[in-house]
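> Here it is, the structure in full.
The values are calculated or read from the model by the stated rules, or taken from the named source; none is laboratory data. Just so you know, these numbers come straight off a predicted model, no measurement behind them. Note that we place each Cβ from the backbone using ideal geometry, even for glycine, and neighbour counts take in every protein chain shown. Please note that ligands, DNA and RNA were not included when accessible areas were found on the heavy atoms of the full protein model with its side chains. Shrake-Rupley method; radii C 1.70, N 1.55, O 1.52, S 1.80 Å.
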Amino acid sequence: MAAKQMNISLTLLVDNEGKRVIFAESGKDFVETLLSFLTMPLGTVIKLSGKQPNMSSLTMLYQSLEDLDLEFLSTKSCKDMLLHPKSSAVELYKNLHPMVDIGATEPTQYYICSSWDCCFYEHCLVSTVENTQCRCGKTMDRKISEKKDEGVKDAHGGDGVFVKGKMRFMITDNLQVSVVSSSTFFAALRELGISDASVLEERNVNVGEEEAMSLLKTSLISNAVFSNVFCSKKPKQVGNKTQEEDFSST
C-alpha cells in the first residue's frame with residue numbers, strides 16, 4: 001500500500017470585497033514546493049500543465065514532436081529525451097515535503113554502453129535516456145544502479161533543500177516570496193489600496209498534489225495565482241492578456 005500523502009497547511013489573507021487573495025503565509029515546505037517549479041525543464045512543465053492552449057507556441061511545439069514520426073529523428077531516444085526531460089535537481093526532490101510528486105515521478109535511471117570495453121576504457125559515457133546512441137555506434141541500454149547516499153537528508157542539518165531555518169514566509173498573489181514582517185504586510189495592503197481591515201478574512205487551506213498541480217498550471221497564465229485556485233475564480237484569456245473571471249458569473 002502506498003504511503004498516504006501529507007498536505008501542507010496554508011493561511012490565506014482574503015479580501016472578501018474584492019474576492020481576491022492578498023497573500024498567503026506558510027513555512028518553508030510550501031515555499032520549497034513553489035521553488036521546485038523553477039527546476040523543471042520546459043518539456044516537463046508543458047506535460048504537467050496538460051498542454052494548455054494558453055501556452056500557445058510551446059504547446060504546439062510539444063504536440064508536433066509527439067506527432068512526428070520516429071523516422072525523421074536522428075535517434076529513437078531523441079523523442080523520449082525531449083518529451084520527458086530530466087531535471088538537474090531530480091535527486092533533490094526526494095528531500096522535499098512528501099505531499100506532492102510532480103517534478104520527478106520516478107528515480108533517475110542511468111544507462112551505459114552495451115560494450116564493457118567502451119563504457120569502462122574507451123568513452124565512459126553515461127546517459128539518463130535508454131537506447132541513446134554511444135560514440136561507438138552501439139546503444140546505451142545497460143542499466144547501472146546508483147549508490148544511495150543515506151546521509152543526504154541529514155547533510156542539511158534540519159534545513160530544507162532550498163531554504164534554511166524555520167522562518168515564516170509571505171507569498172503574494174503573483175508568487176512574490178518574502179519573509180513575514182509588519183513592513184511587508186502593510187506594504188502589500190497599501191499596494192492594493194486596502195485601508196479597511198474589516199474586509200479581510202483569514203482562511204486556512206490544505207495544499208496537496210491536486211492543489212499544487214493547479215498552482216503550477218495557473219502560474220503559467222495568471223498573475224493572480226492564489227485567487228484563481230482558492231477563491232472560485234478561473235483565468236479568462238482576452239487577446240494576449242489574462243483576466244480573472246468569477247465562476248458564478250458564467
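> Please list, ordered by first then second residue, the pairs with beta carbon atoms under 7 Å, 6 or more apart or interchain, first in the range 188-202 and over 14 Å from Asn16 (Cα atoms), second surrounded by 14 or more Cβ atoms within 10 Å (Cβ to Cβ) and not aromatic (Phe, Trp, Tyr).
Ala188/Ile22; Ala188/Thr172
> If Ser195 meets every condition in (1) of a type outside the set (Asp, Glu); (2) surrounded by 13 or more Cβ atoms within 10 Å (Cβ to Cβ); (3) part of a loop (DSSP other than H, G, I, E, B) apart from one, which number is that one?
Among (1) of a type outside the set (Asp, Glu); (2) surrounded by 13 or more Cβ atoms within 10 Å (Cβ to Cβ); (3) part of a loop (DSSP other than H, G, I, E, B), Ser195 violates only (2).
> Taking the condition of being among the β-branched types (Val, Ile, Thr) and open to solvent by 70 Å² or more (accessible area, probe 1.4 Å), how many residues in the range 206-227 meet it?
0
> Can you name every residue in the range 58-74 that is modelled with pLDDT of 80 or more and open to solvent by 90 Å² or more (accessible area, probe 1.4 Å)? Quick ask: steps written out before the conclusion?
Residues of the range 58-74 modelled with pLDDT of 80 or more: 58-73.
Residues satisfying the conditions are Met60, Leu61, Asp67, Glu71, Phe72.
> Check the range 86-107 and report whether any residue there is of a type in the set (Gly, Ala, Ser), at pLDDT below 85 and assigned to a helix (DSSP H, G or I).
No, the range 86-107 has no match at all.
> Tally up the residues in the range 117-162 that are modelled with pLDDT of 75 or more, open to solvent by 30 Å² or more (accessible area, probe 1.4 Å) and under 22 Å from the mean Cα position of the chain (by Cα), please.
So the answer is 2.
> Exactly one condition in (1) modelled with pLDDT under 85; (2) surrounded by fewer than 14 Cβ atoms within 10 Å (Cβ to Cβ); (3) touching an Asp or Glu at 6+ places or on another chain (Cβ under 6 Å) is false for Asn16; which is it?
The number of the failed condition is (1).
> Might you let me know whether the range 21-34 holds any residue that is modelled with pLDDT of 90 or more and among the charged types (D, E, K, R)?
Checking the range 21-34: at least one residue is modelled with pLDDT of 90 or more and among the charged types (D, E, K, R).
> Taking interchain pairs and intrachain pairs at least six residues apart, which have beta carbon atoms under 6 angstrom, with the first residue in the range 64-89 and more than 18 Å from Met40 (Cα to Cα) and free of Cβ contacts under 8 Å to residues at least 40 places away in the same chain and the second open to solvent by less than 80 Å² (accessible area, probe 1.4 Å) and in a helix (DSSP H, G or I)?
Filtered contacts from the range 64-89: Leu73/Lys79.
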